[in-house]
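Here it is, the structure, as structure tokens.
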Amino acid sequence: MFTADRSRTVTLPPLVLGGLRPLHRQMLRSNVSSASFEHDSGGAVFEICLTEGEHGPELLVRSRRHGIGFTLSMTTHFRVAPVLSDDTYRKLCEILSPGEEPAPGVVVEFLQDVVAQSPAVLSRTHSCAA
């Protein structure tokens, strides 16, 4: 289930984004701090950036065209408990499933698709633009 608190955030069910491990491992071996790729979903192009954050890997997701962006901090085991602003959550759900009520499963499936389609090697990525 998801929860919405008074600070207007939505906490989604925890999940493991373990499919990012090979890319992250290559980043560390090559001393590269970030790798990015594009992901098409719901008729929108998302810029995905995997970076090495202060406390572990971070996944940055952004769609400039739709004006949304968020960062997910992961543990060293690639576990994440996504917390999105209510506005971002609603916009993302509208992009991914237009005309339907926002649902946590839509965002979880999106994140799983991002991981499934992520490149496993650095040669298929580029550096993230700040």
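The values are calculated or read from the model by the stated rules, or taken from the named source; none is laboratory data. Because the structure is a prediction, the values reported are computed rather than measured. Counting neighbours? That spans all protein chains shown, and the Cβs are built from the backbone with ideal geometry, glycine included. Only protein heavy atoms, including side chains, enter the accessible area calculation; ligands, DNA and RNA are left aside. Shrake-Rupley method; radii C 1.70, N 1.55, O 1.52, S 1.80 Å.
For the subset of the range 100-123 comprising residues that are open to solvent by 40 Å² or more (accessible area, probe 1.4 Å) and under 16 Å from His24 (Cα atoms), which member is farthest from the chain's Cα centre (by Cα)?
Result: Ser123.
Please work out which one of (1) loosely packed, with under 13 Cβ neighbours inside 10 Å; (2) of a type in the set (Ser, Thr, Tyr); (3) within 16 Å of the chain's Cα centre (by Cα) is the condition Ser85 fails and give its number.
It is condition (1) that Ser85 fails.
Give all pairs with beta carbons closer than 6 Å in which a residue from the range 31-47 that is farther than 18 Å from Leu122 by Cα meets a residue that is among the aliphatic types (A, V, I, L, M); count only pairs at least 6 apart in sequence or on separate chains.
Final answer for the pair search is Gly42/Ile95; Gly42/Leu96; Ala44/Ile95; Phe46/Val61.
I'm trying to understand the selection: among the residues of the range 54-69, which are under 11 Å from the mean Cα position of the chain (by Cα) and open to solvent by 20 Å² or more (accessible area, probe 1.4 Å)?
Glu58, Leu60, Arg62, Gly69
Residue-by-condition table, conditions (1) farther than 22 Å from Arg8 by Cα; (2) among the polar types (S, T, N, Q):
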| residue | (1), (2) |
| --- | --- |
| Asn31 | yes, yes |
| Gly43 | yes, no |
| Thr51 | yes, yes |
| His55 | yes, no |
| Phe78 | yes, no |
| Tyr89 | no, no |
| Val107 | no, no |
| Leu111 | no, no |
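Just the residues that are of a type in the set (A, V, I, L, M) and part of a loop (DSSP other than H, G, I, E, B), please, taken from the range 22-43.
Across the range 22-43, the qualifying residue is only Val32.
Given (1) more than 17 Å from Thr51 (Cβ to Cβ); (2) under 15 Å from the mean Cα position of the chain (by Cα); (3) not acidic (Asp, Glu), where does Arg90 come up short, assuming only one miss?
Failing condition for Arg90: (2).
So Ser41 passes all but one of these: (1) out of contact with any Asp or Glu (no Cβ under 7 Å at 6 or more places or on another chain); (2) closer than 21 Å to Gly18 by Cβ. Which condition number does it fail?
(1)
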